[in-house]
Amino acid sequence: MTRFSIITVTYNAEKCLRLTLDSVLAQTYAGIEHIIVDGKSADRTIELANEYRDKSKKAAPEHAVNIVSEADRGIYDAMNKGLAMATGDYICFLNAGDSLPEARTIEQIAAVAGRRKLEDGDMPAVLYGDTDIVDNNGAYLHPRRHRPPRRLTWRSFSNGMLVCHQAFYARADIAKQEKYDLRYRYSADVDWCIRVMKKAEQLNKKIVNLNMTVAHYMEEGQTTLNHRKSLRERFNVMCRHYGWLTTVAKHLWFVIRSLKNRS
(Lines give C-alpha, C1' and ligand atoms only; values in the text may rest on other atoms or scores of the structure.)
Protein backbone atom coordinates (compact mmCIF):
# COMPACT_ATOMS: atom_id res chain seq x y z
CA MET A 1 0.00 0.00 0.00
CA THR A 2 1.24 3.48 -0.89
CA ARG A 3 1.45 5.50 2.32
CA PHE A 4 0.85 9.22 2.62
CA SER A 5 2.38 11.50 5.26
CA ILE A 6 0.13 14.53 5.74
CA ILE A 7 1.99 17.24 7.66
CA THR A 8 0.03 19.96 9.45
CA VAL A 9 1.93 22.92 10.91
CA THR A 10 0.11 24.89 13.60
CA TYR A 11 0.54 27.89 15.87
CA ASN A 12 -2.39 29.24 17.91
CA ALA A 13 -4.71 27.70 15.34
CA GLU A 14 -7.70 26.67 17.46
CA LYS A 15 -10.14 28.71 15.33
CA CYS A 16 -9.42 26.88 12.08
CA LEU A 17 -7.70 23.60 12.97
CA ARG A 18 -10.82 21.47 13.38
CA LEU A 19 -11.67 21.85 9.69
CA THR A 20 -8.31 20.33 8.75
CA LEU A 21 -8.44 17.53 11.29
CA ASP A 22 -11.99 16.51 10.40
CA SER A 23 -11.12 16.29 6.70
CA VAL A 24 -8.20 13.92 7.40
CA LEU A 25 -10.18 11.85 9.89
CA ALA A 26 -12.89 11.33 7.26
CA GLN A 27 -10.51 9.81 4.70
CA THR A 28 -11.48 6.29 3.59
CA TYR A 29 -7.89 5.39 2.71
CA ALA A 30 -6.03 3.41 5.38
CA GLY A 31 -2.40 4.29 4.58
CA ILE A 32 -2.29 7.73 6.18
CA GLU A 33 0.20 9.14 8.67
CA HIS A 34 -0.85 12.53 10.06
CA ILE A 35 1.97 14.55 11.59
CA ILE A 36 1.03 17.68 13.53
CA VAL A 37 3.96 20.02 14.22
CA ASP A 38 2.98 22.77 16.63
CA GLY A 39 5.07 25.82 17.52
CA LYS A 40 4.24 25.77 21.24
CA SER A 41 0.76 27.26 20.92
CA ALA A 42 -0.71 29.20 23.84
CA ASP A 43 -4.35 28.53 22.94
CA ARG A 44 -6.33 25.24 22.68
CA THR A 45 -4.48 23.98 19.59
CA ILE A 46 -2.74 21.07 21.32
CA GLU A 47 -5.88 20.19 23.26
CA LEU A 48 -7.77 19.91 19.97
CA ALA A 49 -4.94 17.89 18.42
CA ASN A 50 -4.90 15.43 21.33
CA GLU A 51 -8.70 15.09 21.17
CA TYR A 52 -8.37 14.38 17.46
CA ARG A 53 -5.71 11.71 18.07
CA ASP A 54 -7.97 9.97 20.61
CA LYS A 55 -10.92 10.18 18.25
CA SER A 56 -8.83 8.86 15.36
CA LYS A 57 -7.82 5.78 17.39
CA LYS A 58 -11.51 4.82 17.53
CA ALA A 59 -12.88 6.10 14.21
CA ALA A 60 -9.83 5.45 11.98
CA PRO A 61 -7.39 3.17 13.87
CA GLU A 62 -5.47 2.50 10.65
CA HIS A 63 -4.41 6.18 10.57
CA ALA A 64 -1.26 7.03 12.54
CA VAL A 65 -1.34 10.42 14.32
CA ASN A 66 1.89 11.93 15.66
CA ILE A 67 1.98 15.25 17.52
CA VAL A 68 4.94 17.39 18.55
CA SER A 69 4.75 20.82 20.20
CA GLU A 70 7.90 22.86 20.73
CA ALA A 71 9.32 26.27 19.93
CA ASP A 72 10.54 26.72 16.37
CA ARG A 73 11.98 29.34 14.05
CA GLY A 74 8.81 29.78 12.00
CA ILE A 75 6.55 27.82 9.69
CA TYR A 76 9.27 26.50 7.37
CA ASP A 77 11.39 25.30 10.27
CA ALA A 78 8.32 23.39 11.47
CA MET A 79 7.84 21.96 7.97
CA ASN A 80 11.43 20.71 8.00
CA LYS A 81 10.68 18.95 11.29
CA GLY A 82 7.66 17.34 9.68
CA LEU A 83 9.76 16.21 6.72
CA ALA A 84 12.25 14.56 9.07
CA MET A 85 9.45 12.74 10.92
CA ALA A 86 7.60 11.49 7.84
CA THR A 87 7.68 7.76 7.05
CA GLY A 88 5.22 7.66 4.13
CA ASP A 89 5.88 7.27 0.40
CA TYR A 90 4.41 10.70 -0.39
CA ILE A 91 4.39 13.93 1.58
CA CYS A 92 1.73 16.62 1.52
CA PHE A 93 1.52 19.79 3.63
CA LEU A 94 -2.01 20.54 4.82
CA ASN A 95 -1.79 23.34 7.34
CA ALA A 96 -4.37 24.61 9.80
CA GLY A 97 -7.42 25.79 7.83
CA ASP A 98 -6.56 23.75 4.73
CA SER A 99 -8.63 20.64 4.07
CA LEU A 100 -9.17 17.67 1.78
CA PRO A 101 -12.22 18.13 -0.48
CA GLU A 102 -13.93 14.79 0.12
CA ALA A 103 -13.57 11.54 2.04
CA ARG A 104 -12.14 9.65 -0.96
CA THR A 105 -9.52 12.24 -1.95
CA ILE A 106 -6.45 10.31 -0.73
CA GLU A 107 -7.95 7.04 -1.97
CA GLN A 108 -8.27 8.53 -5.47
CA ILE A 109 -4.72 9.95 -5.37
CA ALA A 110 -3.38 6.56 -4.26
CA ALA A 111 -5.18 4.89 -7.17
CA VAL A 112 -3.44 7.19 -9.66
CA ALA A 113 -0.05 6.61 -8.01
CA GLY A 114 -0.54 2.85 -8.09
CA ARG A 115 -1.66 2.85 -11.71
CA ARG A 116 1.30 4.94 -12.83
CA LYS A 117 3.69 2.69 -10.90
CA LEU A 118 2.35 -0.32 -12.82
CA GLU A 119 2.58 1.51 -16.15
CA ASP A 120 6.00 3.14 -15.67
CA GLY A 121 7.68 0.70 -13.29
CA ASP A 122 8.22 3.40 -10.67
CA MET A 123 6.21 5.84 -8.59
CA PRO A 124 5.90 9.42 -9.92
CA ALA A 125 8.10 12.02 -8.25
CA VAL A 126 5.20 14.45 -7.89
CA LEU A 127 1.41 14.18 -8.03
CA TYR A 128 -0.43 17.48 -8.40
CA GLY A 129 -3.97 18.76 -8.79
CA ASP A 130 -6.39 21.66 -8.53
CA THR A 131 -7.23 23.81 -5.50
CA ASP A 132 -10.46 25.53 -4.49
CA ILE A 133 -10.59 28.55 -2.17
CA VAL A 134 -12.86 28.31 0.89
CA ASP A 135 -13.92 30.66 3.67
CA ASN A 136 -13.23 30.29 7.41
CA ASN A 137 -16.05 27.76 7.68
CA GLY A 138 -14.82 25.65 4.78
CA ALA A 139 -17.54 26.85 2.40
CA TYR A 140 -16.57 26.99 -1.29
CA LEU A 141 -15.80 30.47 -2.64
CA HIS A 142 -14.11 30.02 -6.02
CA PRO A 143 -11.37 28.10 -7.83
CA ARG A 144 -7.81 29.25 -7.20
CA ARG A 145 -6.82 31.95 -9.70
CA HIS A 146 -3.76 30.02 -10.91
CA ARG A 147 -4.77 26.73 -12.51
CA PRO A 148 -2.32 23.83 -12.85
CA PRO A 149 -0.99 23.23 -16.36
CA ARG A 150 -1.69 20.00 -18.19
CA ARG A 151 2.04 19.26 -18.04
CA LEU A 152 4.11 20.59 -15.15
CA THR A 153 7.89 21.04 -14.95
CA TRP A 154 10.09 23.17 -12.71
CA ARG A 155 10.14 25.77 -15.50
CA SER A 156 6.36 26.18 -15.22
CA PHE A 157 6.69 28.22 -12.02
CA SER A 158 8.40 31.02 -13.94
CA ASN A 159 4.78 32.00 -14.71
CA GLY A 160 3.85 32.00 -11.02
CA MET A 161 3.06 29.25 -8.51
CA LEU A 162 0.69 27.40 -10.81
CA VAL A 163 0.16 24.57 -8.31
CA CYS A 164 -0.79 25.32 -4.74
CA HIS A 165 1.58 23.97 -2.08
CA GLN A 166 -1.30 21.99 -0.55
CA ALA A 167 -2.02 20.30 -3.90
CA PHE A 168 1.60 19.19 -4.42
CA TYR A 169 2.32 15.60 -3.33
CA ALA A 170 6.07 14.93 -3.38
CA ARG A 171 7.71 11.53 -3.20
CA ALA A 172 9.26 11.33 0.25
CA ASP A 173 12.70 10.08 -0.80
CA ILE A 174 13.05 13.14 -3.05
CA ALA A 175 11.33 15.63 -0.73
CA LYS A 176 13.57 14.75 2.21
CA GLN A 177 16.65 15.71 0.18
CA GLU A 178 15.27 19.22 -0.33
CA LYS A 179 14.71 20.98 2.99
CA TYR A 180 12.91 24.33 3.16
CA ASP A 181 15.29 27.27 2.91
CA LEU A 182 14.88 29.26 6.13
CA ARG A 183 16.22 32.41 4.50
CA TYR A 184 12.69 32.85 3.13
CA ARG A 185 9.87 33.73 5.52
CA TYR A 186 6.92 33.66 3.11
CA SER A 187 7.97 31.95 -0.13
CA ALA A 188 10.15 29.00 0.84
CA ASP A 189 7.33 26.75 -0.36
CA VAL A 190 7.71 28.10 -3.91
CA ASP A 191 11.46 27.51 -3.81
CA TRP A 192 10.97 24.01 -2.35
CA CYS A 193 8.48 22.93 -5.03
CA ILE A 194 10.83 24.14 -7.78
CA ARG A 195 13.78 22.27 -6.27
CA VAL A 196 11.75 19.07 -5.89
CA MET A 197 10.74 19.28 -9.56
CA LYS A 198 14.33 19.96 -10.60
CA LYS A 199 15.40 16.86 -8.72
CA ALA A 200 12.64 14.87 -10.44
CA GLU A 201 13.97 15.95 -13.83
CA GLN A 202 17.54 15.02 -12.86
CA LEU A 203 16.35 11.56 -11.81
CA ASN A 204 14.11 11.22 -14.87
CA LYS A 205 11.01 10.71 -12.70
CA LYS A 206 7.48 11.61 -13.77
CA ILE A 207 5.38 14.56 -12.59
CA VAL A 208 1.74 13.52 -12.91
CA ASN A 209 -1.41 15.62 -13.19
CA LEU A 210 -4.18 14.10 -11.05
CA ASN A 211 -6.86 16.00 -13.01
CA MET A 212 -8.93 16.55 -9.90
CA THR A 213 -9.34 19.02 -7.04
CA VAL A 214 -7.20 17.72 -4.18
CA ALA A 215 -7.09 20.66 -1.75
CA HIS A 216 -9.24 23.36 -0.21
CA TYR A 217 -7.23 26.42 0.77
CA MET A 218 -8.43 29.00 3.29
CA GLU A 219 -8.27 32.46 1.78
CA GLU A 220 -6.69 34.24 4.76
CA GLY A 221 -3.41 32.32 5.05
CA GLN A 222 -0.14 33.90 6.21
CA THR A 223 1.03 34.53 2.64
CA THR A 224 -2.23 36.38 1.92
CA LEU A 225 -1.89 38.46 5.09
CA ASN A 226 1.71 39.39 4.17
CA HIS A 227 1.08 39.75 0.45
CA ARG A 228 3.56 42.53 -0.38
CA LYS A 229 6.47 40.95 1.51
CA SER A 230 5.63 37.60 -0.07
CA LEU A 231 5.75 39.10 -3.57
CA ARG A 232 9.21 40.57 -2.95
CA GLU A 233 10.48 37.24 -1.70
CA ARG A 234 8.89 35.39 -4.59
CA PHE A 235 10.67 37.72 -7.03
CA ASN A 236 13.99 36.78 -5.40
CA VAL A 237 13.14 33.07 -5.60
CA MET A 238 12.35 33.39 -9.31
CA CYS A 239 15.59 35.28 -9.95
CA ARG A 240 17.47 32.48 -8.22
CA HIS A 241 15.96 29.76 -10.42
CA TYR A 242 15.21 31.48 -13.73
CA GLY A 243 17.66 34.38 -13.88
CA TRP A 244 17.18 38.11 -13.49
CA LEU A 245 16.34 38.91 -17.13
CA THR A 246 13.69 36.21 -17.44
CA THR A 247 12.14 37.18 -14.12
CA VAL A 248 11.96 40.89 -14.95
CA ALA A 249 10.49 40.12 -18.39
CA LYS A 250 7.85 37.86 -16.85
CA HIS A 251 6.88 40.49 -14.29
CA LEU A 252 6.58 43.18 -16.95
CA TRP A 253 4.23 40.87 -18.84
CA PHE A 254 2.21 40.30 -15.63
CA VAL A 255 1.78 44.09 -15.26
CA ILE A 256 0.79 44.57 -18.91
CA ARG A 257 -1.70 41.70 -18.72
CA SER A 258 -3.19 43.11 -15.52
CA LEU A 259 -3.65 46.54 -17.14
CA LYS A 260 -5.30 44.96 -20.18
CA ASN A 261 -7.73 43.03 -17.99
CA ARG A 262 -8.74 46.23 -16.19
CA SER A 263 -9.39 48.15 -19.41
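The values are calculated or read from the model by the stated rules, or taken from the named source; none is laboratory data. As the structure is a computational prediction, the values presented were derived from the model and not from experiment. Here the Cβ positions follow ideal geometry from the backbone for every residue, glycine too, while neighbour counts run over all protein chains shown. Only protein heavy atoms, including side chains, enter the accessible area calculation; ligands, DNA and RNA are left aside. Shrake-Rupley method; radii C 1.70, N 1.55, O 1.52, S 1.80 Å.
Within straight-line reach of Lys198, meaning a Cα separation under 16 Å, sit the following aspartates and glutamates at least 8 residues removed in sequence or on another chain: Asp173, Glu178, Asp181, Asp189. Comparing Lys176, Lys81, Lys55 in a Gaussian network model of the chain where C-alpha atoms under 10 Å apart are linked, the largest mean-square fluctuation is found at Lys55. Note on the chain: GNM, Cα springs under 10 Å; of Ala59, Ala49, Ala110, the largest mean-square fluctuation is that of Ala59.
For the chain, the share of DSSP beta bridges that are antiparallel, to the nearest 5, is 25%. Projecting the Cα atoms of Leu252, Val163, Val37 onto the dipole axis of the chain, where Lys and Arg carry +1 and Asp and Glu carry -1 at the beta carbon, places Leu252 farthest toward the positive end.
For region 1-134, with all protein chains in place and a probe radius of 1.4 Å, 49% of the accessible heavy-atom surface sits on carbon or sulfur. Taking a straight Cα-Cα cut-off under 16 Å and skipping sequence neighbours fewer than 8 places away in the same chain, the aspartates and glutamates within cross-link reach of Lys55 are Asp22, Glu33, Glu47. Between Ala139 and Asn211, the C-beta separation translates, for a Förster distance of 22 Å, into a calculated FRET efficiency of about 0.35.
Over the chain, with the other protein chains present, what is the accessible area per residue in square angstrom, probe 1.4 angstrom?
Solvent-accessible surface per residue comes out at 49 Å².
Among Ile67, Ile36, Ile194, the largest mean-square fluctuation in a Gaussian network model of the chain, built with springs joining Cα atoms closer than 10 Å, belongs to Ile67. Beyond 21 Å between alpha-carbons counts as too far, so tell me which of Lys117/Lys205; Lys81/Lys179; Lys81/Lys117; Lys15/Lys176 fall in that bin. Pairs exceeding 21 Å: Lys81/Lys117; Lys15/Lys176. Full extension of the segment from Lys250 to Lys55, taken as 0.36 nm per residue of separation minus the current Cα-Cα distance, would add 65.4 nm.
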